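Below: the structure, in structure tokens.
The values are calculated or read from the model by the stated rules, or taken from the named source; none is laboratory data. Worth saying up front: this structure is predicted, and the values here are computed from it rather than measured. Positions of Cβ are backbone-derived with ideal geometry, glycine not excepted, and every protein chain shown enters the neighbour counts.
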Protein chains: 2
Amino acid sequence: MNGARALLTTLVDAGVDVCFSNPGTSEMHFVAALDDVPEMRGILTLFEGVATGAADGYARMAGRPAATLLHLGPGLANGLANLHNARRARTPLVNIVGDHATYHARFDAPLQSDIASLARPVSGWYRVTARADDVGADAAAAVDAAFGPPGRVATLVLPADSSWAESAGGPGQPLPRPGPPCVPAETIDGVARALRSGRPAALLLGGTALRTRALRAASRVSGAAGAPLLCETFPARLERGAGIPGVDRLGYLAEFAQAQLAGLEHLILVDAKSPVSFFAYPGKPSDLVPPGCTVHTLVRPGEDAPAALEALAEALGAAHQGAVSAAAWRPDRPTGTLTAETLAAAIGAVLPDNAVVVDEGNTSGLFVAGATAGAPPHDWLTLTGGAIGLGLPVATGAAVAAPDRPVVCLQADGSAMYTLQALWTQAREGLGVTTVVLANQSYAILNMELQRVGADAGGPLARRLLDLTDPELDFVALAHGMGVPGRRVETAEELTAALEASLAEPGPALIEVPLRAGRR
Amino acid sequence: MNGARALLTTLVDAGVDVCFSNPGTSEMHFVAALDDVPEMRGILTLFEGVATGAADGYARMAGRPAATLLHLGPGLANGLANLHNARRARTPLVNIVGDHATYHARFDAPLQSDIASLARPVSGWYRVTARADDVGADAAAAVDAAFGPPGRVATLVLPADSSWAESAGGPGQPLPRPGPPCVPAETIDGVARALRSGRPAALLLGGTALRTRALRAASRVSGAAGAPLLCETFPARLERGAGIPGVDRLGYLAEFAQAQLAGLEHLILVDAKSPVSFFAYPGKPSDLVPPGCTVHTLVRPGEDAPAALEALAEALGAAHQGAVSAAAWRPDRPTGTLTAETLAAAIGAVLPDNAVVVDEGNTSGLFVAGATAGAPPHDWLTLTGGAIGLGLPVATGAAVAAPDRPVVCLQADGSAMYTLQALWTQAREGLGVTTVVLANQSYAILNMELQRVGADAGGPLARRLLDLTDPELDFVALAHGMGVPGRRVETAEELTAALEASLAEPGPALIEVPLRAGRR
């Protein structure tokens, strides 16, 4: 078999059987080999940022990596922003970048570029598979690296001649996959001592500590120690809703996060980073840990968070039934004008059981988390790395990973335009994604930030650069252009009805929700 | 004044007075300063690849750089593919990337990334302006670097605190700009000797050798030496049409290029690279220079191409009136079915005087160059680096640079989807761009390449990954969604009429031209 077939066989044998693709000439042998290895599901995207974001969303829900297929340096470049988000999410991802044949590089053909320099900032692992004989082994190593733990973006560069030549090595075999390493007992003892001190303390949960088992253990700890449960600002995947212990997400705005952290003397990190301001602002601190607060790391990325939290609960003598879960609760069906509040209530009123919510709602989505806190259990996926244009692709990948679960994508209008091509893939694959476009016709968050950084926000030239009217975007037309049915709603009643209708139908749909921007 | 104002003042003083922007929080002081320096025209794009491609198109037509404004590493990443094209075009471009405040970097906030690693592959010059006092001087150095010659992408990273702090240095002053260096006389003599040998020879023109003055001199050389004029496959800007000497562009397919070069014993490079295959193919050569052919470099990038060609013409004793220009000629207005041929004839029949044609027509646009060879003089801008998604943004920037010239963008459908957001900026700015979407509903070039690389093209799974039906894209709806009027034509007559109507109207328009893909 040739290198391409050895690669595909290695991947599917390792359980990596979806490939979000945007191929070019140098990837043609990979594409041709899809018919030899039909266990691999090749999914075409119209832009690489859709492929990488979909691979991120897929792995967040499937718990195992998808592959991507990108075309040389420029194709990789188009996918980098969502690889940045995947890196921050610690998502396992096998990022395959086709390249010129090894001997062709020295001719500096037009598409030649420094792929290593482009890939390294987002890649936890990087290798060029320079011989067809090694493709299988290299692919297996990429899968190993992607899984971690913690998960990472493993970039495998596949020169065209490694793909087309016979591979004496054939398929490779990933290593056995041991569980995540345990947190040392002395670490747990140290944290238990700090929590027993009775001084003000909180747990900051992130990453793998945001799934139900870990949350139950964390809730027991919280009850025993009187320490509230905080959650990182942008979790990769948070399980929440009725019957699951709730957490208090740290605010995006530093002022809010500081208020949440004020007075703490012990902050316990559980697969989370010590809190810092998302951006720097003149005269404001970057480090959000209050003065005099000691930061303890209970769980490092890749370690076994649920086991550590359970051990901590035992060490504190927490009751086995001590977890406090969110009560079942839904807002009333809203009526009247569409606002951020009625939008939130509409989603809270109808969010189905077992939904996946992808949240790139930004300013307009601020109230949705509160309105869904008591909804039936669901997953919440967020903008982990701050690189906008994540929502639609992540929703696409999540729907591939979880075809039986309804996916709701809360998508701010400005951010939607970075990777809107995802709608086409949703239509082609018949994915059950309901995209709710929060259309305030502005980069509203920037109008706010313009004032927060201390800049004079008064000028018309500055404001025009943050404004999305003139012309207004028509998302129903844009969706239609990519084969996705859409409608624009004008009242809260229409929104609630449209959500219910879309969630009851198979396939994708888009709902445009006009909202007044904060400043207008 | 603060650093942001010092930066903007430096740029406009240096003649860089357009900034294609997609800002975020770290760029808010730059945005706010636009009202203090209204000579700078800030143009909002909805995606960074539009900003960088527009800056490329602007400079190709204006002959001086535009600035970009991008948001940290992920914003830069989204703009890299078109910066790759700009690098290959040797376009002067001041690429401004906002970053976190210098002191914020160590906190590894979500958007922190290795900007240097991302920027270096596309940047001929790179600097972080780490102190507000230096912003003016650094910006002036960026402008110097961008101009070259040859032109290059100069990336200036602007940390937020360099932007917001007072700048003691104030605005900077670029160096005086001397003309391009002359080609040494002995180089010209050497080439003249080779051409006088009487052995088969050709000139391969690229870069700055493709403007009318250089083409006239090259045509004199061609006549005197009996050496045909070839042109690089993907010129940044080629002046052509009635009254201008024509050139024979090297084919994209290596087989065609080899046929054009066959039998040559001397190949004279005039601001062009020695010809190589665009991609590698099993068993086929990468270097397209025929065996036994000597390659001579007359003009290196940045050197004075027209002067060198004129000196060479004199050395060969070429007649001053010896240039042979293309005759005025137009195809008849086509009738009937839309095909690649009738499409080409329609454009040839109506292309207005002084038009700018941006060509990302790929397979479907193959015949347009021939059908416009005798049209009134016009400029032809192409996909210099092979990174698709260039057409719409370059057309946008070209229209900003040349508001009195009609811009026609030949845009293949698959490639259109990478940077379609450019349409919105065209609508907002009222730019006179007629986009002709060549809609064959496939990555047709890849169907061809699938066979050319030797891969088995037979499989349905492979073919589905190159197919853009299911669902079909509706470009009229997509254009409408971004405020651009569009129509779909069904016959050659309708196309010709639609082109004339659009070219007669101010503002942008889109014409969708359904074409049958080669293989279907």
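Summary table
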item: Whichever residue in the range B:467-484 is of a type in the set (A, V, I, L, M) and at the interface with another protein chain (Cβ under 7 Å from one of its Cβ atoms) and, among such residues, is farthest from B:Leu438 (Cα to Cα); result: B:Met482
item: Criterion (in contact with an Asp or Glu (Cβ under 6 Å, 6 or more places away or on another chain) and under 16 Å from A:Lys273 (Cβ atoms)) met by exactly one of A:Ala236, A:Ala209; result: A:Ala209
item: Among the candidates B:Gly75, B:Gly57, B:Gly79, residue that is within 13 Å of chain A (Cβ to nearest Cβ), farther than 21 Å from A:Leu450 by Cα, part of a helix (DSSP H, G or I) and in contact with a Gly (Cβ under 9 Å, 6 or more places away or on another chain); result: B:Gly79
item: Wholly within the range A:175-271, strands (runs of 3 or more DSSP E) carrying at least 2 residues that are touching a residue at least 40 places away in the same chain (Cβ under 8 Å) and surrounded by fewer than 23 Cβ atoms within 10 Å (Cβ to Cβ); result: A:266-270
item: Subset of the range B:275-294 (residues that are within 30 Å of B:Ala315 (Cα to Cα) and exposed (fewer than 15 other Cβ atoms within 10 Å of the Cβ)); result: B:Pro291, B:Gly292, B:Thr294
item: Evaluation of B:Ala109 against (1) of a type outside the set (Phe, Trp, Tyr); (2) assigned to a loop (DSSP other than H, G, I, E, B); (3) away from chain A (no Cβ under 12 Å); (4) farther than 21 Å from A:Gly73 by Cα (one fails), failing number; result: (3)
item: Among (1) out of contact with any Asp or Glu (no Cβ under 9 Å at 6 or more places or on another chain); (2) crowded, with 18+ Cβ neighbours inside 10 Å, the one test that B:Ala140 misses; result: (1)
item: Members of the range B:259-286 found to be at the interface with chain A (Cβ under 10 Å from one of its Cβ atoms) and closer than 19 Å to B:Arg249 by Cβ, listed by number; result: B:Lys273, B:Ser274, B:Pro275, B:Val276, B:Ser277, B:Phe278, B:Phe279
item: Single unsatisfied condition, A:Val358 versus (1) in contact with a Cys (Cβ under 7 Å, 6 or more places away or on another chain); (2) assigned to a loop (DSSP other than H, G, I, E, B); result: (2)
item: Test for B:Tyr103: is it within 12 Å of chain A (Cβ to nearest Cβ), farther than 24 Å from A:Ser277 by Cβ and modelled with pLDDT of 95 or more; result: no
item: Exclusive hit being polar (S, T, N, Q), in contact (Cβ under 8 Å) with a residue 24 or more places away in the chain and not in a helix (DSSP H, G or I), set A:Thr68, A:Thr52; result: A:Thr68
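One line per residue, one yes/no per condition, for (1) under 19 Å from the mean Cα position of the chain (by Cα); (2) more than 8 Å from chain B (Cβ to nearest Cβ); (3) under 24 Å from A:Met482 (Cβ atoms); (4) not aliphatic (A, V, I, L, M):
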residue: A:Thr396; (1), (2), (3), (4): yes, yes, yes, yes
residue: A:Gln411; (1), (2), (3), (4): yes, yes, yes, yes
residue: A:Thr419; (1), (2), (3), (4): yes, yes, yes, yes
residue: A:Ala422; (1), (2), (3), (4): yes, yes, yes, no
residue: A:Ala439; (1), (2), (3), (4): no, yes, yes, no
residue: A:Gly459; (1), (2), (3), (4): no, no, no, yes
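Yes/no per residue for (1) aromatic (Phe, Trp, Tyr); (2) farther than 27 Å from B:Phe278 by Cβ; (3) facing chain B (nearest Cβ under 9 Å):
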site: A:Met40; (1), (2), (3): no, yes, yes
site: A:Glu48; (1), (2), (3): no, no, yes
site: A:Pro65; (1), (2), (3): no, yes, no
site: A:Thr91; (1), (2), (3): no, yes, no
